[in-house]
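Below is one structure, written out as structure tokens; the observations come after it.
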Amino acid sequence: MCGIVAYTGSRPALPVLLSGLKRLEYRGYDSAGIAVETPDAIAIRKAKGKVSELVNLLGENNSLESSTCGIAHTRWATHGPPTTENAHPHAGGKNNIALVHNGIIENHRALRAKLTAAGYTFLSETDTEVLAHLVDSLYQGNLVEAVTTALKEVEGTFGIAAMAHAEPGTLVVARRGSPIVLGLGEKETIVASDASAIIKHTRQAIYLDDNDIAIIKGSEVDIRTLDAGSVSRQTSEIDWSSDAAEKGGYEHYMLKEIFEQPEAICNTLRGRLDSNRGNALLSGLNLSPRELADLHRVLIVGCGTSMNAGLVGEYAIEDFAGVLAEVEQAAEFRYRNPIVNPSDLVVAISQSGETADTLAAVREAIDKGALVSGLVNTVGSTIARETGRGVYLHAGPEISVASTKAFTSQVSVLLMMALKFARSRRMSRESGCQMIREIEAIPGLVQQVLDQNDAIAKVAERYLDQTSTFFIGRGYMYPVALEGALKLKEISYIHAEGYHAAELKHGPIALLEETVPVIALCNDGPGKDKTLGNVAECQARDSRVLGIVTEGDTEAIATVDDHIAVPACPLYTAVVPSTVALQLLSYHIARLKGCAIDQPRNLAKSVTVE
Ligand code: M6R
């Protein structure tokens, strides 16, 4: 998804802008550009493709090096294809204004018609160029006034950074729906859409709220709202290290993040389990004992991997707490007018905390009067702030587009929630203590799977040539099948579908043949015998079956064609090591196929448009 970096200060802007763009590459993009002040005009340079193309275009001794103020962008195409013309920054008027923008201007057609009639010529197909010309048309020597008036005419979402040739050293930035963070330096401010672009320079950050607009010159920051005067916004400390955002010696961020999972899960669990009371603390949920006891239903919303984690939550909450739980595709939530009661708890799950569909579901649930909580990784993100209550994952920054450690941390939090809800109802202290022991064992179980990395890479060699694969599981292993299939398709481009093991017979089995392998979650526990029966049905159609089995389960090992063993544990915790096994399998298949693992084609890390 698009990324913004902007700089105003006392040192050359260009290196800060370019290193910031490099830091944002993980978000997914298809073109990049910069605009910096020069004495004569605002200079804009743009290139299709990677940031390295832009660096090549700028050359080594370029004339823009002395500029101390500028804006930069990585674009992920929405309006118009990925071309140099459509790349940001866009100029307003005759280069009087330059602007970068994340989000979508929904009334861009009407505004374009109005500006064309007023004599403006458009060089791109983007909604952003419309905004740049609109600001120019309103500009009378005061950028913040022009931007404020323009943004009041705009329908849609935006995170923007703008500059005017007549106001050297000044940036105007604003947000509605797309994040903007201000990094506060000594004599400088670095603006970005994502804190990873600023941590190299400073840890002091201000996250703008929706409808905030800031005027920044060097280290002077004046934040206002679009409708009123100055406001003060809290400064927070970014608590993850610059190193955490680097690959740390691994070939890909994805592999690094897979291997970080034992530590990430420990961080997620730390201080949240009370072994004396056999309960989970999760004070951030901010639910009184009365609210807990009255809880009628837990509604879980999320997208992609976060939704798959939510399904594990649904099973565990019903299983342990006896509380009605449902998981729903966040994108569907606000359009189907769901029934939500004041005693329902809506749990929004999101790694980034910025996913547009999940945010829209949060706002719908708030409007419908539910208790709404966020289960989010990114501190200070919009979902975290708007829900006001919730649980941070503390999994550390997840850079790879394919989500791994966020999933296992999400599941860990959901299991703790199940424990907390169960203890407020029907679970005894002893059973609570037993559940804590089982949850606390998860990091060790994951480590045992990671120790098999080389063996899993060998298994992967046998699953490279297929064009299609089915993942099957039942009970707690059904969400694992969905997540395994999502991982494989997004990074290896092999068509993969997750199915309930019993559902295969109701249609998809028609597609099975020698070239279509099946990956079966056959962990030992209730339902295993039935899944082994399904495995036999697949083999009877010539499909090769790779089983995820419980260590030492000779029956399962004898049934499947290949296997990866996960340690023995209850099925509800086996979700985590089994998913890790499938993450490694997908990773190695994609690596052996030579795919762009950290930035798969067409995908963005954070989907901030509907
Ligand atoms: O940041 P979120 O958790 O809200 O993101 C939701 C999905 O976009 C995300 O999980 C996506 O499915 C990942 N690429 C999966 O690996």
R0 = 51 Å: FRET efficiency of residue 529 with residue 288, Cβ-based, nearest 0.05? 0.70
Where in the range 127-225 are there GluC sites (Glu not before Pro) that are in a DSSP coil and have at most 12 other Cβ atoms within 10 angstrom of their Cβ? 155, 186
Compute the length gained on full extension between residue 367 and residue 453: take 0.36 nm times their separation in residues and subtract their Cα-Cα distance, giving the result in nm to one decimal. 26.3 nm
Counting other beta carbons within 10 Å of each Cβ, put 190, 557 in order, fewest first. 557, 190
Could you tell me the center-to-center distance, by alpha carbons, between the range 554-584 and the range 214-284 in angstrom? 32
Let me see the P(r) profile for the range 446-610: every Cα-Cα distance counted, bins of 10 Å, each bin given as a percent of all pairs. 11, 43, 35, 10, 1
Just want to confirm a number: the relative contact order over the range 172-264, from Cα pairs under 8 angstrom separated by 6+ residues, in percent. 24
Which length gain, in nm to one decimal place, applies between residue 510 and residue 209 when the Cα-Cα distance is subtracted from 0.36 nm times their residue separation? 103.2 nm
For the chain, averaging the sequence separation of alpha carbon pairs under 8 Å that lie six or more residues apart and dividing by its residue count, the contact order in percent is 12
Out of the GluC sites (Glu not before Pro) in the range 482-539, which ones are loop residues according to DSSP with at most 14 other C-beta atoms within 10 Å? 513, 514
How much FRET efficiency would the formula 1/(1 + (r/R0)^6) give for residue 263 and residue 437, where r is the Cβ-Cβ distance and R0 is 22 Å, rounded to 0.05? 0.65
Scale the Cα Rg of the range 2-238 by the rule-of-thumb value 2.2 N^0.38 Å and send over the ratio, two decimals. 0.90
Might you report the magnitude of the Cβ-based charge dipole of the chain about its Cα centre, with Lys and Arg at +1 and Asp and Glu at -1, to the nearest 20 debye? 620
Roughly how many nanometres apart are two label points built 7 Å out from the Cα toward the Cβ at residue 122 and residue 79? 0.7
Kyte-Doolittle mean at least -1.0 and Cα extent at least 20 Å along the axis: which DSSP H helices of the chain qualify? 405-423, 477-492, 571-592
Tell me, in nm to one decimal, what length is gained between residue 65 and residue 275 on full extension, where the rule is 0.36 nm per residue of separation less the Cα-Cα distance? 69.7 nm
Only bridges whose two residues both fall in the chain count here: according to DSSP, what percent of them are antiparallel, nearest 5? 60
Between residue 107 and residue 41, what FRET efficiency follows from the Cβ-Cβ distance if R0 is 22 Å, with the result rounded to 0.05? 0.15
Is the C-alpha gyration tensor of the range 88-164 telling us rounded, prolate or oblate? Criteria: a/c under 1.5 is rounded; beyond that, a/b larger than b/c is prolate, otherwise oblate. rounded
For the chain, calculated [θ]222 nm from helices alone, where every DSSP H run of n ≥ 4 adds -39500 (n - 2.57): -10500 deg cm²/dmol
Positive-end residue of 288, 107, 196, charge dipole of the chain with Cβ unit charges: 288
For the range 246-440, what's the relative contact order in percent, using C-alpha pairs closer than 8 Å and at least 6 residues apart? 30
Shape of the chain, Cα gyration tensor, a/c cut at 1.5: prolate
Taking a quarter of the surface of the convex hull around the Cα atoms of the range 306-429, what do you get in nm²? 7.4
How far apart, in nanometres, would the label points at residue 318 and residue 461 be if each is projected 7 angstrom from Cα along the Cα-to-Cβ direction? 4.3
Loop-exposed trypsin sites (Lys or Arg not before Pro) per DSSP, neighbour cap 12 Cβ within 10 angstrom, longest uninterrupted part of the chain: 427-600
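Every number in this text was worked out from the coordinates using simple rules, so none of it is lab data. In this text the structure is predicted, and so the values were computed from the model without any measurement. Neighbour counts run over all protein chains shown; Cβ positions are idealised from the backbone, glycine included.
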